[in-house]
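Notes follow once the structure below has been shown.
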Amino acid sequence: MENPWMMAQEQFDTAADMLDLERDLRAVLRVPKRELSVNFPVRMDDGSIRMFTGYRVHHNLARGPAKGGIRYHPDVTLDDVRALAMWMTWKCAVVNIPYGGAKGGVICNPKELSRGELERLTRRYTTEIAPMLGPEIDIPAPDVNTTPQVMGWIMDTISMHRGYTVPAVVTGKPVNIGGSLGRNEATGRGVAVIVREAAHRRGMSLQRARVAVQGYGNVGSVAALLLAEAGATIVAVSDSRGGIYHRDGLDPAAVLAHKHETGSVVGFRGGGHVSNAELLEVPCDILVPAALEHQITETNAPRIKAQIIAEAANGPTTPAADRILHERGVLVLPDILANAGGVTVSYFEWVQDLQSFFWSEQEVNQQLEQVMVAAFESVERIAGERKIPLRLAAYVLAVQRVADAVRVRGIYP
Ligand code: NAD
């Protein structure tokens, strides 16, 4: 399997070449600023002790404190976390919010842990990485398999250490302890805004569009619900256990209810079974990968039928697949633009926590819409001026902004 960190560096190199970035700056931006690996014990429900391994990586903090999610997954590696941290740096720069990039992860399968085990794992991992955290240093958020409840435990752990409540140390918290209205839906909502803008530019009507969504979690399910609300037909969805397909459309809310009840979209009546690999190739106009990295490769890229791919997940498309899709005229809406709605509302949450003054959901959604549309327009303008794909254009915009910040701050000492 292709290494996401190699992929992230290759994407950066392409943008650095295009920008003619000076050698020294390129060396600074090509690697993470700091990385922490921790091995820590957790007492399991049966009284035994199990060791877990986790990571927290800061990529570049020139534009502000570090921001990025925490992932709980059996396959997490340090290289994944490095790649995800670098992508966060560029993502924050694309939407022009004052953050650097970070990411964290713990190698574990949360589906096999009880609630108590999950809480103890979260509190101990938080304690181990606590020297890197703080409202002015690094503000984590949810990612795959981490929920508002997990963010609540992180907030409480740091608050217990400090002796006072520190809401701004983490975002994606429950609303009753300083979370922002609209944060849960923000990533999927941002995806839907970018899809709408792109479809409009392409002359594609959302009313007639057929959409397939890989990964029916937080991001994928919200994107599906909002695209359906905008008139699109959701023809296929999937999760880690498999997928369902119906040519005439699935009801995304009913599918979500089924997933809540049974733990999976599989078995939903009114849909035929498809595998996750097949889902990517079903007849549709818009494909939304919303699961994990490395799903669209040179092997399946030639067979994808969608005209638009909206990268709700981070890093779902390999560079080789990117080239094939570009040649085939498929429009790829890159992750660092398409899924930036989550970090944007995380930023709003942090601002609200720091000011102890909270916005209405309508205000959050309006501000999100403005940020996403402005970012889309900036990226599209660069793509048009330089005649390059949207991914490279987003990288050019982001790397330029971060490089400018590093240049003007200078090298210490
Ligand atoms: P989640 O845990 O809520 O959902 C992930 C979904 O993907 C689950 O339904 C899971 O069953 C499914 N899945 C896992 N492996 C799969 C596979 N091999 N094939 C198909 N489905 C699979 O996670 P999420 O927060 O929705 O994150 C999804 C993606 O979006 C990740 O790439 C994440 O990095 C990215 N992302 C999330 C946010 C956020 O705010 N949560 C923000 C930006 C990007």
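The values are calculated or read from the model by the stated rules, or taken from the named source; none is laboratory data. All values derive from a computational prediction rather than experimental measurement. Please note: Cβ atoms are built from the backbone with ideal geometry, for glycine as well, and neighbour counts cover all protein chains shown. The area values use the complete protein model at the heavy-atom level, side chains included, leaving out ligands, DNA and RNA. Shrake-Rupley method; radii C 1.70, N 1.55, O 1.52, S 1.80 Å.
Data overview
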{"read-out": "Residues of the stretch 342-372 satisfying the condition of being over 22 Å from Gly68 (Cα atoms) and assigned to a helix (DSSP H, G or I)", "value": "Glu361, Gln362, Glu363, Gln366"}
{"read-out": "Among residues of the stretch 255-285, those that are closer than 26 Å to Glu112 by Cα and not aromatic (Phe, Trp, Tyr), counted", "value": "18"}
{"read-out": "Top-ranked residue in the stretch 215-246 [being among the charged types (D, E, K, R) and within 17 Å of Leu279 (Cα to Cα); ranked as farthest from the ligand (Cβ to nearest atom)]", "value": "Arg241"}
{"read-out": "Unmet criterion (only one of (1) in contact with a helix residue (DSSP H, G or I) (Cβ under 9 Å, 6 or more places away or on another chain); (2) over 23 Å from Asn365 (Cα atoms); (3) not in a loop (DSSP other than H, G, I, E, B)) for His200", "value": "(2)"}
{"read-out": "In the stretch 194-207, residue nearest to the ligand (Cβ to nearest atom) [restricted to those that are open to solvent by 10 Å² or more (accessible area, probe 1.4 Å) and in contact (Cβ under 8 Å) with a residue 60 or more places away in the chain]", "value": "Glu197"}
{"read-out": "The stretch 66-85, residues that are in contact (Cβ under 8 Å) with a residue 60 or more places away in the chain, more than 13 Å from the ligand (Cβ to nearest atom) and either of a type in the set (A, V, I, L, M) or open to solvent by less than 20 Å² (accessible area, probe 1.4 Å) (or both)", "value": "Ala66"}
{"read-out": "Output for the stretch 301-316, where each listed residue is more than 12 Å from the ligand (Cβ to nearest atom) and touching an Asp or Glu at 6+ places or on another chain (Cβ under 9 Å)", "value": "Ala301, Arg303, Ile304, Lys305, Ala306, Gln307, Ile308"}
{"read-out": "Unique residue being assigned by TED's automatic domain parsing to the domain that holds Gln214 and touching a His at 6+ places or on another chain (Cβ under 8 Å) when the list is Pro316, Pro289, Pro334", "value": "Pro316"}
{"read-out": "Pairs with Cβ under 9 Å, 6+ apart, first in the stretch 345-360 and open to solvent by less than 60 Å² (accessible area, probe 1.4 Å), second acidic (Asp, Glu)", "value": "Val345/Glu185; Phe348/Glu363"}
{"read-out": "Search result, residues across the stretch 165-192 that are assigned to a helix (DSSP H, G or I) and open to solvent by less than 10 Å² (accessible area, probe 1.4 Å)", "value": "Ala168, Val169, Ala186, Gly188, Gly190, Val191"}
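Here's the yes/no breakdown for (1) in contact with a Phe, Trp or Tyr (Cβ under 7 Å, 6 or more places away or on another chain); (2) over 13 Å from Arg124 (Cα atoms); (3) at pLDDT 95 or above:
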residue: Asp24; (1), (2), (3): no, yes, yes
residue: Ala27; (1), (2), (3): no, yes, yes
residue: Arg30; (1), (2), (3): yes, yes, yes
residue: Val42; (1), (2), (3): yes, no, yes
residue: Asp45; (1), (2), (3): no, yes, yes
residue: Ser48; (1), (2), (3): no, yes, yes
residue: Phe52; (1), (2), (3): yes, no, yes
residue: Arg56; (1), (2), (3): no, yes, yes
